[in-house]
Every structure is written in structure tokens, then in C-alpha cells.
Amino acid sequence: MSSGAEINPDHEYNEEWCCQVELGIYDVKSLYAVICYALETWPGSPARPAEEQEYLRHMKQQLFSMLADYTFTHIE
């Protein structure tokens, strides 16, 4: 039985589609922690695609940049 949450690997997604999300600093901190945990526990290829690890690293860097920006602009 399918929960509907699975990603169909055969589906061709529109790469031009995007959305914007507003996150508070606690949201960014939480998401950063989740990404870090995902990287620490990533089972490796071939269990998961190598591109997934690259994406997680990219997201970790982006979230760290947000945290650094907040620290620079809001912490005295």
C-alpha cells in the first residue's frame, strides 16, 4: 500500500518550478540540525543515491550561511 509520500523516480519533474518559504531563526537552526543528522547517518551509495549526499552538503552550507548572517546582523 502506498502512502502517497514516495517520489516517483520515473516522473520527469519541472526543474524550473520553485517556491519560497519564510523561516525564522529557530526554524533554520532546527532544519540545520536535521540536515547534519541526515549527513551523519547517511548510509552511503548504493543504498542511497550519491547525489543525495551532495544535495545534503549543499543544503547544510546554505543553512550555515543563514545562521552566520543572522549572527552577524542580530547578535551584538
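Quick look at the numbers
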read-out	value
Pair list, Cβ < 8 Å and 6+ apart or interchain, from the range 46-60 residues that are at pLDDT below 95 and assigned to a loop (DSSP other than H, G, I, E, B) to residues that are surrounded by 11 or more Cβ atoms within 10 Å (Cβ to Cβ) and not charged (D, E, K, R)	R48/W42
Subset of the range 9-35 that is aliphatic (A, V, I, L, M) and in a loop (DSSP other than H, G, I, E, B) - its residue that is surrounded by the fewest Cβ atoms within 10 Å (Cβ to Cβ)	V21
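The values are calculated or read from the model by the stated rules, or taken from the named source; none is laboratory data. Worth saying up front: this structure is predicted, and the values here are computed from it rather than measured. For neighbour counting, all protein chains shown are included, and Cβ atoms are generated from backbone atoms with ideal geometry for every residue, glycine included.
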